[in-house]
Amino acid sequence: MSKSKMPGVYFWCVRLIKDDQFIGLVSLDRYHDGKNIELSYEFLPQHWGSGYATEVVRKMIDYSFTEIDLPKIVSETQIANTSSCKLLERVGMKLENRLMRFGAEQAVYSIERT
């Protein structure tokens with residue numbers, strides 16, 4: 001694979017180490033703007049607030065920069081989803097833009113490889 005090119009879409013199931021229980025999904029895919037790669041995640045509600053999403057998002061950022069050699073990653077979430085906004089800020093992402101999409105105000109966060 002050439003540098004800074006991401007073929008296809010990446011999807012991973014997130015499972016607990018202790019018992020292999022499925023707890024969520026994480027993905028890397030082309031963002032709506034056609035220029036950036038978006039990091040997305042979904043976790044089952046019973047696992048919210050446990051730190052799993054933060055751990056997985058940090059690992060995915062590292063993977064994106066070291067293994068795929070991406071220069072930048074974006075994530076989009078609803079402004080109303082304050083927990084997700086805080087998570088993205090906690091892992092070092094910065095608010096880049098606000099926009100209306102899917103009938104709600106969205107926050108677009110980004111982080112660049114250093």
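The values are calculated or read from the model by the stated rules, or taken from the named source; none is laboratory data. Just so it is clear, the structure is predicted and the values come from calculations on it, not from any experiment. Reconstructed Cβ throughout: ideal geometry from the backbone, glycine too, with neighbour counts over all protein chains shown. Each accessible area value is taken on the protein alone, full model and side chains, heavy atoms only, with ligands, DNA and RNA left out. Shrake-Rupley method; radii C 1.70, N 1.55, O 1.52, S 1.80 Å.
Once you put a point 7 Å from the Cα of Asp62 and another 7 Å from the Cα of Ile79, both along the Cβ direction, what distance in nm separates them?
Once both label points are built, they end up 3.4 nm from each other.
Contour minus end-to-end for Arg98 and Gln46, with contour as 0.36 nm per residue of separation and end-to-end as the Cα-Cα distance?
The span from Arg98 to Gln46 would gain 15.8 nm if fully extended.
Show me, bin by bin at 5 Å from 0, the whole-percent P(r) of region 72-114 based on Cα pairs.
Taking all Cα pairs of region 72-114, the binned fractions are 6, 27, 34, 20, 9, 3, 0 percent.
Amide H to amide H under 5 Å from Glu96: which residues, 5+ apart in sequence or cross-chain, H placed 1.01 Å off N in plane?
For Glu96, the qualifying residues are Val108, Tyr109, Ser110.
In whole percent, how big is the carbon plus sulfur part of the accessible area of the chain, probe 1.4 Å, protein atoms only?
51
Would you mind giving the three semi-axes, in whole Å and largest first, of the ellipsoid equivalent to the chain according to its Cα gyration tensor?
Taking √(5λ) for each eigenvalue gives 21, 20, 13 Å, largest first.
Answer rounded, prolate or oblate for region 9-59, using the Cα gyration tensor with square roots of eigenvalues a ≥ b ≥ c: rounded when a/c is under 1.5, else prolate when a/b is larger than b/c, else oblate.
It is prolate, given that a/c is not under 1.5 and a/b is the larger ratio.
Excluding Glu38 itself, calculate the net charge of residues whose Cβ lies under 10 Å from the Cβ of Glu38, where each Lys or Arg counts +1 and each Asp or Glu counts -1.
Computed value for this residue: -2.
Using per-residue counts of other Cβ atoms within 10 Å, averaged over each peptide, order 85-95, 26-36 from highest down.
85-95, 26-36
Taking the chain, how many lysine pairs are there with alpha carbons less than 30 Å apart, if each pair must be eight or more places apart or span two chains?
21
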